[in-house]
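The block underneath contains the structure these notes are about, expressed in structure tokens.
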Amino acid sequence: MFDLRYHVASLAAVFLALLIGILVGVGIADRGYVDKAQRGLLEQKISKLQSDLVAARKNADSLQAQQRATEAFVNDTYPELMANRLRGKSMALVFLGPADPKIRTSLEQALTDAGARGWVRVRALKLPLDVPQIDNTLAGEPKLARYVGDARLPALGKSLAEELAGGGKAPLWRTLAEQIVAERTGSEQRPADGRTTGKQYDGTASFLQGFYSGLIAAPVPVVGVERADATESTVRAFHHNGISSVDDVDQPSGRFALALLMSGAKAGQYGIKSSAKDGVLPPLETATRG
């Protein structure tokens, strides 16, 4: 039986294996260091190979072998390609539901590898929302009473997302900490240079719609992530709400895709699953080098 999902995933794997194989062939300097000129050459090779994906479709005989070789090739070139991609940047992380320690570990690995400062804020939201409790709390704050009521949930979600990205006094986060936050680290004050969203769970749809719109309205990148072994994918929800995604953040290729998106690469759905409509990696020429 022909399995289209496997075929697409295999093509993605062979594309990535071909990509990294050529990078290894170009040569990596002694002691594993690649300067900006050499990395630029690596990126030129990647860009060319991204346009050659169609040719890989004709080479189906060795797909499984190429897929097995992908991880080794990625590991050989990953450090050089990730170096300083996010140098000096701070990120905010929000889980729409309980925090997932495995996802957080993968994200922290990506930030470390790319030279980022780390998390400025981490939040895990309590979903589904206890709307009556939220309304009671907001009603006691005259300046925030305009958010009371089911009809105001989209506006509440949007404003919370904007506060998450922008930092500052964040009156909504401070007021509703006990009602909506299951886990938190970091200060509300500092602005974030980018945001990632973990796996989402069932909750108040109108609130989430507003929350998503607030995230994408802020002038910093936002990326939804999940692991390659996720039993239920959330990529469709991210795509529907205009948010880029990486579906294999636990893999080197996924962490590299995340770093590219966080540095301004072309938005899209990336990864190794059938939902990765835009391929394994964003075009490198659209990303800013550190």
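Observations on the structure shown:
- The residues on offer are LEU208, LEU258, and the sole one that is outside any loop (DSSP other than H, G, I, E, B), among the aliphatic types (A, V, I, L, M) and within 28 Å of GLN179 (Cα to Cα) is LEU208.
- Qualifying residue in region 252-260 (condition: modelled with pLDDT under 85 and either of a type in the set (Ser, Thr, Tyr) or surrounded by fewer than 17 Cβ atoms within 10 Å (Cβ to Cβ) (or both)): no
- Extreme residue, nearest to VAL249 (Cα to Cα), among residues of region 89-114 that are in a loop (DSSP other than H, G, I, E, B) and open to solvent by less than 30 Å² (accessible area, probe 1.4 Å): ALA114
- Top-ranked residue of region 145-175 - restricted to ones that are assigned to a helix (DSSP H, G or I) and more than 20 Å from VAL94 (Cβ to Cβ), ranked as least open to solvent (accessible area, probe 1.4 Å): ALA145
- Among (1) touching a Ser or Thr at 6+ places or on another chain (Cβ under 7 Å); (2) part of a loop (DSSP other than H, G, I, E, B), the one test that LEU127 misses: (1)
- Taking (1) modelled with pLDDT under 90; (2) more than 15 Å from the chain's Cα centre (by Cα) in turn, PHE211 satisfies each apart from (1).
The values are calculated or read from the model by the stated rules, or taken from the named source; none is laboratory data. Everything quoted here is computed from the prediction, not taken from an experiment. No Cβ is skipped: glycine too gets one built from the backbone with ideal geometry, and neighbour counts run over all protein chains shown. When the accessible area is computed, the model is the full protein with side chains, heavy atoms only, and any ligands, DNA or RNA have been set aside. Shrake-Rupley method; radii C 1.70, N 1.55, O 1.52, S 1.80 Å.
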